[in-house]
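Single-structure report; data block below.
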Amino acid sequence: MITMLLRKELEPQFDVAEQLYPEVYAALVDYTAFCDAHGDEDNAENDKLMIKLQTLTGKDLAGVNLWEWWEEDGAENLAFAISLPSPQKVTNITLSELTELVQRAQGFTKPASTATGFQAAFYNTVVFSIRYFHQLLALNFKAYSHKLFQRNKDSQGNYFEYSTTEIVAKLWNEKA
């Protein structure tokens with residue numbers, strides 16, 4: 001369970017994603033049906049879809065694979081990832097907010113009990129696939145490194161993982 005609700009600018013914008021999702025999902029499915037029927041060897045339809053989705057969401061989708069989504073997370077998760085606005089730089093993040101963000105990045109939380117069906121359905125996508133909280137931390141803390149959230153090896157060859165408290169301390173002491 002989420003231990004604290006964050007300021008609106010720190011939370012994923014599920015409301016925006018929920019509004020955009022049906023149109024993004026339909027566009028992905030329509031594109032796939034078109035490709036199944038006609039092919040897209042010159043990527044002309046892919047380019048049209050990319051422009052449509054970038055215009056709709058305001059996001060740069062250059063690295064997004066619109067064609068072979070079934071080999072990745074599926075159309076539903078891809079549509080959600082495209083629909084969800086990217087994290088932004090936020091000023092004055094408090095120590096308690098940072099602690100909550102680190103816990104969410106670690107995957108130690110579940111959606112709030114007040115989460116809508118849409119939020120609950122895609123919460124794990126936010127945490128694990130999109131890595132929203134990692135992106136948010138990287139934008140706002142210059143000491144961010146994915147290694148803080150992985151298993152590491154010390155100088156004696158012993159493996160260890162940083163605790164939430166240790167990660168928070170490292171990030172807090174070197175704000176962006």
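The values are calculated or read from the model by the stated rules, or taken from the named source; none is laboratory data. What you see is a predicted model, and the numbers here were worked out from it, not measured in a lab. No Cβ is skipped: glycine too gets one built from the backbone with ideal geometry, and neighbour counts run over all protein chains shown. Note: accessible area is taken over every heavy atom of the protein model, side chains too, but ligands, DNA and RNA are not part of it. Shrake-Rupley method; radii C 1.70, N 1.55, O 1.52, S 1.80 Å.
Against the list (1) more than 17 Å from the chain's Cα centre (by Cα); (2) surrounded by 18 or more Cβ atoms within 10 Å (Cβ to Cβ); (3) among the acidic types (Asp, Glu), the condition Glu11 fails is (1).
Go through the stretch 29-43 and report how many residues are out of contact with any Lys or Arg (no Cβ under 9 Å at 6 or more places or on another chain) and either touching a residue at least 40 places away in the same chain (Cβ under 8 Å) or open to solvent by less than 40 Å² (accessible area, probe 1.4 Å) (or both). I'd like the intermediate steps shown before the answer.
First pass over the stretch 29-43, keeping only residues out of contact with any Lys or Arg (no Cβ under 9 Å at 6 or more places or on another chain): 29-30, 32-43.
Right, trim to either touching a residue at least 40 places away in the same chain (Cβ under 8 Å) or open to solvent by less than 40 Å² (accessible area, probe 1.4 Å) (or both) and you get 29, 32, 35, 39-40.
Result for the stretch 29-43: 5.
Of the candidates Leu56, Leu84, the single residue that is open to solvent by 40 Å² or more (accessible area, probe 1.4 Å), hydrophobic (A, V, I, L, M, F, W, C), touching a residue at least 24 places away in the same chain (Cβ under 8 Å) and under 14 Å from Ala17 (Cα atoms) is Leu56. Tell me yes or no: at least one residue of the stretch 132-140 is part of a helix (DSSP H, G or I), without any contact (Cβ under 8 Å) to a residue 60 or more places away in the chain and within 30 Å of Cys35 (Cα to Cα). Looking through the stretch 132-140, none of the residues is part of a helix (DSSP H, G or I), without any contact (Cβ under 8 Å) to a residue 60 or more places away in the chain and within 30 Å of Cys35 (Cα to Cα).
In this structure, is Leu6 farther than 22 Å from Glu76 by Cβ, buried (at least 18 other Cβ atoms within 10 Å of the Cβ) and hydrophobic (A, V, I, L, M, F, W, C)?
Numbers: farther than 22 Å from Glu76 by Cβ: yes; buried (at least 18 other Cβ atoms within 10 Å of the Cβ): yes; hydrophobic (A, V, I, L, M, F, W, C): yes.
Considered against the rule, which asks whether it is farther than 22 Å from Glu76 by Cβ, buried (at least 18 other Cβ atoms within 10 Å of the Cβ) and hydrophobic (A, V, I, L, M, F, W, C), Leu6 comes out as yes.
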